[in-house]
Amino acid sequence: MSKHSSYTLFIVSLIALGVFSRFIPHPPNATAIGAVALFGGFALKNFRTSILILFLSLFISDIAINNLIYASYHEGFVWFTSGATFIYAGFFISIVVGHFLKQRYTISGIAAGSLLSVLAFFVITNAAVWASSVMYPKTISGLMTAYAAGIPFALNQLLATMLYAAILFGAHALYTRKTPTLA
C-alpha cells in the first residue's frame, strides 16, 4: 500500500470512528460529528472530496439513526428530518473552518476552529428552530428565548467537539510524525 493510500485510509478510518460516536449513548449533541467535520475539512486534501465524504457520512448515519433508533417517532422511512438543511449548513461551516486550519495548524487554531464551528452551528440551527416552529414567538424576545434554550446543547457540543478534535488532530499529528512525508 502506498503512503498516500495508507494516509487516506487512516483519515477515512478516523472519520468512520467519529461517525460511530453518534450510535453510542451520549448527552444531546455530545458526539464527534462536529470534530469530524472540522478534521475532515483539514485532513482531506481535496475540498470537494471532503464535503462529499463528510456529508455522505452524516447522511448515511442520519438515515440509520432516524429509521432504526428513532423509528417510533416517524411514520414511514425518513430520508431527512425537518431542519436537516440547517444542520448540514452548520456542519458545512465546520468543514470550511477545518479547511482553513491547514494554514493555522496549531493547538490554539484547532481550539478556535472548534469554538467557531460550534458557535456557527448554534446560531444557524437555533435561528432555524425559532423561524420554523410554533415553540417561540416571532419576535426578538422569542429568538433570544430560542438561543437561551439551546445553550445546554451548545455546551455539550462544544465539550465534545473540543475533546474529539483533540483526539482526531492528535492522532493525525502522531501519524504524520511517524510518516513525515505526509505532513
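The values are calculated or read from the model by the stated rules, or taken from the named source; none is laboratory data. These numbers come from a predicted model, not from an experiment. In this analysis, Cβ positions are derived from the backbone assuming ideal geometry, glycine residues included, and neighbour counts consider all displayed protein chains.
Observations on the structure shown:
- Among residues of region 15-32 that are more than 11 Å from SER57 (Cα to Cα), those with a Cβ under 7 angstrom from a residue that is among the charged types (D, E, K, R) and surrounded by 13 or more Cβ atoms within 10 Å (Cβ to Cβ), sequence gap 6+ or separate chain, pair up as THR31/ARG22.
- Residue match in region 128-145 (condition: in a helix (DSSP H, G or I) and under 18 Å from the mean Cα position of the chain (by Cα)): yes
- Per this entry, VAL118 is not counted among residues that are modelled with pLDDT of 90 or more, within 21 Å of ARG48 (Cα to Cα) and either among the small types (Gly, Ala, Ser) or touching a Gly at 6+ places or on another chain (Cβ under 8 Å) (or both).
- Scanning region 61-78 for residues that are more than 14 Å from the chain's Cα centre (by Cα) and surrounded by 11 or more Cβ atoms within 10 Å (Cβ to Cβ) gives ILE63, ALA64, ILE65, ASN66, ASN67, ILE69, TYR70, ALA71, HIS74, VAL78.
Rundown of residues vs (1) more than 18 Å from PHE122 (Cβ to Cβ); (2) among the aliphatic types (A, V, I, L, M), yes/no style:
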residue	(1), (2)
SER13	yes, no
GLY40	yes, no
PHE47	yes, no
ILE69	yes, yes
GLY76	yes, no
ILE87	no, yes
PHE91	no, no
LYS102	yes, no
ILE107	yes, yes
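- Close pairs (6 angstrom Cβ cut-off, 6 or more residues apart or separate chains): more than 16 Å from ILE93 (Cα to Cα) and free of Cβ contacts under 8 Å to residues at least 24 places away in the same chain in region 124-137, part of a helix (DSSP H, G or I) and among the polar types (S, T, N, Q) anywhere: TYR136/THR145
- Subset of region 63-92 (residues that are within 25 Å of PHE39 (Cα to Cα), of a type in the set (Phe, Trp, Tyr) and part of a helix (DSSP H, G or I)): PHE86, TYR88, PHE91, PHE92
- Filtering region 10-28 to residues that are within 19 Å of LEU155 (Cα to Cα) and small (Gly, Ala, Ser) leaves GLY18, SER21.
- One residue from ILE15, ILE110, ILE60 being modelled with pLDDT of 85 or more, in contact with a Leu (Cβ under 8 Å, 6 or more places away or on another chain), of a type in the set (A, V, I, L, M, F, W, C) and outside any loop (DSSP other than H, G, I, E, B): ILE110
So that you can scan it fast, the table gives a plain yes or no per residue for (1) surrounded by 13 or more Cβ atoms within 10 Å (Cβ to Cβ); (2) under 13 Å from the mean Cα position of the chain (by Cα); (3) under 18 Å from LEU168 (Cβ atoms):
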{"site": "PRO28", "(1), (2), (3)": "no, no, no"}
{"site": "GLY40", "(1), (2), (3)": "yes, yes, yes"}
{"site": "ILE51", "(1), (2), (3)": "yes, yes, yes"}
{"site": "LEU54", "(1), (2), (3)": "yes, yes, yes"}
{"site": "TYR88", "(1), (2), (3)": "yes, yes, no"}
{"site": "VAL96", "(1), (2), (3)": "yes, yes, yes"}
{"site": "THR106", "(1), (2), (3)": "no, no, yes"}
{"site": "ALA112", "(1), (2), (3)": "yes, no, yes"}
{"site": "LEU116", "(1), (2), (3)": "yes, yes, yes"}
